[in-house]
Each structure stands twice: as C-alpha cells, then as structure tokens.
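A.B. asks: Before we start, here is the structure in question, set down as structure tokens.
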Amino acid sequence: MSVKREPVAISFAEFVAMMALMQSLVALSIDAMLPALTEIGQDLGAREANDSQLIVSFLFLGLAFGQGVYGPLSDTTGRKPAVYLGFGLFLTGSLFSLFATDLNVMLGGRFLQGLGLAAPRCVIVAIVRDQYEGPAMARVMSFVMTIFIFVPAIAPTLGQGILLIAHWRAIFAALLVCGLLTLAWFALRLPETLSVERRIPFSIARIKSAVVEVCSHRVSLGYTISLGLISSAFLGYLSSAQQIFQKQYQLGTMFPLYFAILALCIGSASFVNGRLVMRFGMQNLSRWSKRISTVISLLFFVYVLSTGGQPPLWTMMGYMMIILFCFGIMYGNLNAMAMEPLGHIAGIGAAVMGALSTLISVPCGILIGHSYNGTVIPVISGFMLSGVLIVVVMHWVESAPTQATEETA
C-alpha cells in the first residue's frame, strides 16, 4: 500500500521556481553562447569555422552519457547527493571553459558541463514525483515547462548583451555564478525528498535490464529512435543557426530576435498539444505532424535547391516556424508513447531512453552541422531526411500486430 507523502516544507511557488531554474540551466548553457561561437572559435584557434559548432555538440554528448547514471544513482543515495555531484561537474566544466586557451580544453569543459547538467535534467522529475502524484504532478511539471519554454527564447539575447559590454568569457562566468546561486538555493531550501526506506540499492544489472527492455520492445525502441531523429535535425540546426542567421543572412545583433521567434514556436506547440491531446490523442497528433513536416520539408528542399541554397529570409523563417512547431508537437507525444510500456521501470527507463535518443542525435547532429557550406542545404537536408526516416520508423512501430493503439489509424 502506498504511503501518502506530504510536500516539502517550502511554498509551492518557490518549489516550482527552483525546479524551473534547475531545468533552465541546460537551455541557458546551450543557447546563451550561440552569438559568440564564431568569436570563441577564432580566439581558441579553430582550424575551420564549422569546428566552433562542437562547443554546442559536446555539451549534448555529456548529457547523453550522464542521463543513464543519475536516475539510478538518485534512487540509491537520495536525490540531493546526485544533484550535488552533477553541479560539481557542471561548475568544474564551467571553470575549464572560462579559462580555456585552446579548443580542446573548451570542448573538455563543455563535455563536463553536459555531464553535470544531466543530473538536474534527470533528477528533477524524480523530485517532483516524490512529492506529487497524478494531476498534481502534471500541474507542477506544466508550470516548470511553461517557465522553461521562455529560456531558449531569451538566452541568445542575454549572450548577445554580454558580448556588447564584455568578452565572451563573461558568458561562462555568468553561467558559473548562476550555477553557484542555484546550487546554494537548492542546498539550503529543499529538504531531501527520498526517504531512506524508499531507496533502492545501486545495481548495474538493473541498468542493463532496462537497456535490454527498451531495446527489445518495439514501441519503446521505435519511438526512442524517432526522438533521436528529431533531435538530430534540431541539433544540426542549433549548431549552425548562428552561422546561418548572423553570417549568411547578415542579421548581426538581430540574430537573437529571429532565434527567439523560432524558439517560441516550439513553446507554443507544447501549449497547443496540451490543449488538444486529450481530444485527438497522442498518435493522431504525432501522425499528422510527421506527415505535414515531411511533405513540407521535401517541397522546401526542392525549392532551396532551385535557389542555390540561398532562399529569401522570409521563406526560411516561414519554413522553420512550421517545422519546429510540428517537431514540438511530436517531441512531447513521442516521449509519452515511448514511456507507456515502461511504467514499471519509469525512472530508469526514462534515463535509458533519454541516453539512447541523445546518442543517436549527437553524431548525426554533428554531421549535419559540420556539413554547413554557406548555404542552408545541409540543414534543410537534415530536416528532410529525419522526417522521411521518422515516417518509416513510426510505420514500423504502428504496424506491430500486438500493439495496443489509442485509436484506429
């Protein structure tokens, strides 16, 4: 029989704000330095312009390796020690990046930052689940994500603002200070949420078993691969967004504004999906989103080729707004559908699923970004190919004879 757990002894608003800030550190660490990528690469001796993109990609690589560890670790040690370990790595990585004298040291620092940020990214859900259940948990996570949505929209503006008055290293100094303040807030105000009697011994066998289960279940594996493909195209765009908008389209300091518009498309998709999913179902919304995004990507790819990879800015923005909105719809629903068969191993299953999808997206995203050649052809190709592959993978999932679907196709 489950024991009713009382929420921690801080206010609801403070709890939500704390969780949102911890979650937002990931987006802030990725997006705040986008306006500075070219300058960082030049200062640190990058051999090619595209090498600067690795500053984004290596953080994702750290996230991929970290996600499978912190969930099981927090089940054993409690939530706070796992978060402390993650913040320790993040702060160490921030120092490496702040004082880097060559690109290799910078990439090592970024990997450590990602490895550390995997802790709050994974453990936040467990902390909320420790305190709230059912609709109450959904309410907390909705508030957390509502705040989180705005961070990618404003982070490049913050980075650009710092660049106008200081050196790019000040961005890493700001991340370091933000990390320290967040850690202090978390340590001083939030009690441990996992009682000793509810802890589970750490076991490599549990992790291995979860990996086997995710990989052997068609639904979980298929939707996890689809998540990886979506993230591949998005990472390819994210890595080359600064070069596309600041250099190719010569937007200069206006880049954060255009980036914010596209980021808000993903946020609005999350809001719309929340309003429609109960009426139309996860599969129907995902199915129509993948069809629309794939067809539009195929048509726009042909158009981009006809322009020599230099479409007018308004057509590029229109295309990206539609695609990112569709991807925003699919991302939340695919996560939920992939988790449906894993309810009995929800915590470790989510960690394994996140790690696998990120390990798919990072090398593919790096390949897309590194293919940037002064045109948008590589990025549009990434969206087109990922769309086609998602159609194939999701058809394989939904054609399983034993799958229980929400509704008839």
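The values are calculated or read from the model by the stated rules, or taken from the named source; none is laboratory data. For clarity, every value in this text was computed on a predicted model and none was experimentally measured. Reconstructed Cβ throughout: ideal geometry from the backbone, glycine too, with neighbour counts over all protein chains shown. For accessibility, only protein heavy atoms count, side chains too; no ligands or nucleic acids. Shrake-Rupley method; radii C 1.70, N 1.55, O 1.52, S 1.80 Å.
A.B. asks: Of all the Cα-Cα pairs you can form in segment 294-351, what percent are over 19 Å apart?
C.D. replies: 50 percent
A.B. asks: Then there is this: From the P(r) of segment 28-78, can you give the percent of Cα pairs sitting at distances over 17 Å?
C.D. replies: Percentage above 17 Å: 50.
A.B. asks: Would you kindly calculate the translational diffusion coefficient of segment 256-303, applying Stokes-Einstein with the Kirkwood radius from alpha carbon pairs, for 4 °C and a viscosity of 1.567 mPa s, and quote it in µm² s⁻¹ without decimals?
C.D. replies: 105 µm²/s
A.B. asks: Under the Kirkwood approximation applied to all pairs of distinct alpha-carbon atoms, what is the hydrodynamic radius of segment 192-235 in Å?
C.D. replies: The Cα-based Kirkwood calculation yields 13.0 Å.
A.B. asks: If you don't mind, there's one more thing I want to ask. Sorted from largest down, give the three principal axis spans of the alpha carbons of segment 6-128, whole angstrom values.
C.D. replies: Answer, in whole Å and largest first: 55, 28, 20 Å.
A.B. asks: Kindly report the accessible area of segment 87-225 per residue (heavy atoms of protein chains, probe 1.4 Å, no ligands, DNA or RNA), in Å².
C.D. replies: Ligands and nucleic acids excluded, the figure is 46 Å² per residue.
A.B. asks: Carbon and sulfur: what percent of the chain's accessible surface (1.4 Å probe)?
C.D. replies: With neighbouring chains kept in place, the figure for the chain is 70 percent.
A.B. asks: Contact order normalised by length for the chain, with contacts defined as Cα pairs under 8 Å and 6 or more residues apart; what percent is it?
C.D. replies: Result for the chain is 25 percent.
A.B. asks: Need one value: the accessible area of LYS290 in square angstrom, 1.4 angstrom probe, rounded to the nearest 10.
C.D. replies: For LYS290, the solvent-accessible surface is approximately 10 Å².
A.B. asks: Can you give the accessible area per residue of segment 230-306, in Å², using a 1.4 Å probe?
C.D. replies: Solvent-accessible surface per residue comes out at 45 Å².
A.B. asks: Find the Rg to Rh ratio for segment 139-246, where Rh is the Kirkwood radius over alpha-carbon pairs and Rg uses the same atoms.
C.D. replies: Reported Rg/Rh (Cα atoms, Kirkwood Rh): 1.07.
A.B. asks: So, one more: Around ILE200, which amide H atoms from residues at least 5 apart in sequence, or from another chain, sit under 5 Å from its own amide H, with H modelled in the peptide plane?
C.D. replies: Result for ILE200 returns THR76.
A.B. asks: Ranked highest first by average number of other Cβ atoms within 10 Å, how do 317-330, 41-54, 300-313, 194-207 line up?
C.D. replies: 317-330, 41-54, 300-313, 194-207
A.B. asks: Place a point 7 Å from the Cα of ARG169 along the Cα-to-Cβ direction; which residues of segment 86-112 have their backbone N under 17 Å from it?
C.D. replies: 92-110
A.B. asks: Give the relative contact order (percent, whole number) for segment 284-353; include only Cα pairs under 8 Å separated by 6+ residues.
C.D. replies: Across segment 284-353, relative contact order equals 43 percent.
A.B. asks: Related question: Sorted from largest down, what three extents in whole angstroms do the Cα atoms of segment 227-320 have along their principal axes?
C.D. replies: Principal extents (largest minus smallest coordinate, Cα): 43, 29, 24 Å.
A.B. asks: Give the average over all directions of the projected area of the C-alpha convex hull of the chain, one decimal, in nm².
C.D. replies: Result: 19.5 nm².
A.B. asks: Give me the Kirkwood hydrodynamic radius of segment 161-213, using the inverse of the mean 1/r over all pairs of distinct Cα atoms, in Å to one decimal.
C.D. replies: 15.3 Å
A.B. asks: Also: Could you list, bin by bin from short to long, the percent of Cα-Cα pairs of segment 77-125 in 5 Å steps?
C.D. replies: Distribution as computed: 6, 27, 26, 17, 12, 8, 4, 1 percent.
A.B. asks: How big, in percent, is the set of alpha carbon pairs in segment 293-390 lying more than 17 Å apart?
C.D. replies: It works out to 59 percent of all Cα pairs.
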